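Notes to accompany the following structure.
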Amino acid sequence: RFQACVYFASVFQAMSCGIHYLASVFMAVTPNFVCGIPGNVSSVLFYNSSESSIEDTWTLWTSTENYIVVQLENGEIWELNQCSRSKREVSLDLAYEYKGNKSIFSCSDGFLYDDTKWKSTVVTQWDLVCDREWLAKLIQPTFMLGVLIGAVIFGDIADRLGRQRVIWFTSAGQFVFGIAVAFTFDYYSFVIVRFLLAMVSSGYLVVAFVYVTEFVGIKARTWASMHVHAFFAIGIMVVALVGFLVRTWWVYQVFLSIATLPFVLCCWMLPETPFWLLSEKRYEDAQKVINIMARWNKVSTPCKVSELCSVQQDDLVSGRTGDNDTSSTKKHNILDLFCNWHIARRTITVWLIWFTGSLGYYVFSLSSVSLGGNEYLNLFLIGAVELPCYIIACIGMDKLGRRNTLIPFLILSALICVLIMFIPQDFNILIILANMAGKFSIGVAFGLIYLYTAELYPTIVRSLAVGSGSMMCRAGSVVAPFCVYLRSVWIFMPLLLVGIMALLSGILTIMLPETLGKPLTNTLVEATEMGRNERSCSGKTSPAHSGAALEKIEMFGQETVITEK
């Protein structure tokens, strides 16, 4: 009961991470627009349609190559394009086609925007179009850069100061910075505050994974950690719902930020994890938390910290005897992930999977609003399809194995990317369903790689392996927005890149060893041997013995893997 309450309270706030990660898909929308008018309009002409105002022409707008012809009250006739305007030298009659001389001017009077869908966005607020368009395209990448930096900073702080304090600070920070974004006074302050918001959002997600893992029992750990992603997906669905209901960007941002206010008000009640308290030798505080857990769970005889420490000490001593003593005390660095050809090949493959998973995840998510049809429903479905994919991932990992689940879903996502290219553009429903299938398949692979990476590497470099993989993941999330912008070059370019990466990752994954049912390795020699001959681990005593010792240590020392989207 205690663990369930702590778990659901913690992952509830993970929704806010999904909310802020994808908020820009509607907040930074660029609507149809043309140059502003240097006077009062008397007549408006769009092709063969004569309208009373420019606002009435937006329903007829079909291409960025379109222009609007307006006649001013002083008789001047102007052609309004998106990034320029031209004055006709001869203004005898109002006609759409004109072959005479024109004087071209810049958009010094600002721009006129289509507000039929959105009353205002950050693009319309600060005119992030034409020669300032690149500023709009930097909004999501700079956010993802904050995600990268925040994960590194707060992950380290959580190890030093504790999980509880970081959860307090980052959850409060998400609310404060989220509200502050809505009231920024210019583009640069907007980007800076969103960068800080990205840091605390990323920091919360990283620490929340560790926090729930240290409270949840071993049997439920895989399912519990995997379904933190599910609450992230619910956050994406909330973005779609709020975007549909609220069409002014700063009001939209405020509503998204207060969505998880209940957690901010009660997060101070969450306790510190006993494992961190034990690692800091704060035994009395750890015993207090254990006693609270026992009362909540109606355990009549709660365990004693002294008993845990004595068992842990015995297992640590037994696990460090023998030939492993030297290797376990040696300091390791990133180069140890390339110590021999087998481990180096494994590292390159794992890094590629991390990068591809993140790239595909955000490409499918960010481009969902450009698929045609109802963009709000598209994003909602893209988020909803993640919920069953994590269930399938958990079942597949336990029944088929890590590798045997990862390979088909990576290759399937590549095939779906190719399939989408052959679907006619007017088949909107089919395109949306195919994109949902692509998000589903890449989501399974993306969720699975966290645990698989931890099992592929020995204890002495496991944290390095997962940490470096996570950095590749964040690199993929930074690249993803730029990849989506390649739609302007060729509409299928993002899908082509994701498909190539997924196919290459799937093929290389064939060379990885299966880890289902295998003991965790303790040295690089054992990890290399697992790669050379997968059956050798079951026939040798040394790896099994070291793996069993490590699993006992994990029960009490709780070696945790920091993961992050």
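General remarks:
- A residue that is in contact with a Phe, Trp or Tyr (Cβ under 6 Å, 6 or more places away or on another chain) and exposed (fewer than 14 other Cβ atoms within 10 Å of the Cβ) cannot be found anywhere in region 20-42.
- Only residues that are among the acidic types (Asp, Glu), open to solvent by 60 Å² or more (accessible area, probe 1.4 Å) and either assigned by the TED database to the domain that holds Trp61 or in contact with a Lys or Arg (Cβ under 9 Å, 6 or more places away or on another chain) (or both) were counted across region 79-132, and they come to 5.
- Here Ile179 passes the criteria (1) within 17 Å of Tyr252 (Cβ to Cβ); (2) open to solvent by 30 Å² or more (accessible area, probe 1.4 Å); (3) over 23 Å from the mean Cα position of the chain (by Cα) except the one numbered (3).
- Flag if Glu51 is farther than 30 Å from Leu205 by Cβ and surrounded by fewer than 16 Cβ atoms within 10 Å (Cβ to Cβ): no
- Test: residue in region 415-438 that is closer than 16 Å to Thr349 by Cα, buried (at least 17 other Cβ atoms within 10 Å of the Cβ) and assigned by the TED database to the domain that holds Ile507: no
- Hey, Glu76 over 26 Å from Val369 (Cβ atoms) and more than 34 Å from the chain's Cα centre (by Cα) or not: yes
Each row is one residue, and each column tells you yes or no for (1) out of contact with any helix residue (DSSP H, G or I) (no Cβ under 9 Å at 6 or more places or on another chain); (2) surrounded by fewer than 23 Cβ atoms within 10 Å (Cβ to Cβ); (3) of a type in the set (Lys, Arg); (4) assigned to a helix (DSSP H, G or I).
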| position | (1), (2), (3), (4) |
| --- | --- |
| Phe185 | yes, yes, no, no |
| Leu197 | no, no, no, yes |
| Tyr204 | no, no, no, yes |
| Val207 | no, no, no, yes |
| Val212 | no, no, no, yes |
| Lys219 | yes, yes, yes, no |
| His229 | no, no, no, yes |
| Ile236 | no, no, no, yes |
| Ala240 | no, no, no, yes |
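- Condition check for Leu412: part of a helix (DSSP H, G or I), free of Cβ contacts under 8 Å to residues at least 60 places away in the same chain, open to solvent by 40 Å² or more (accessible area, probe 1.4 Å) and touching a Ser or Thr at 6+ places or on another chain (Cβ under 8 Å): yes
- When each of Ala445, Ala480, Ala454 is tested for being assigned to a helix (DSSP H, G or I), among the small types (Gly, Ala, Ser) and surrounded by fewer than 24 Cβ atoms within 10 Å (Cβ to Cβ), the lone residue that passes is Ala454.
The values are calculated or read from the model by the stated rules, or taken from the named source; none is laboratory data. Source: prediction; values computed, not measured. Glycine gets a Cβ as well: all are built from the backbone with ideal geometry, and neighbour counts include every protein chain shown. Surface areas here come from the heavy atoms of the whole protein model, side chains and all, with no ligands, DNA or RNA. Shrake-Rupley method; radii C 1.70, N 1.55, O 1.52, S 1.80 Å.
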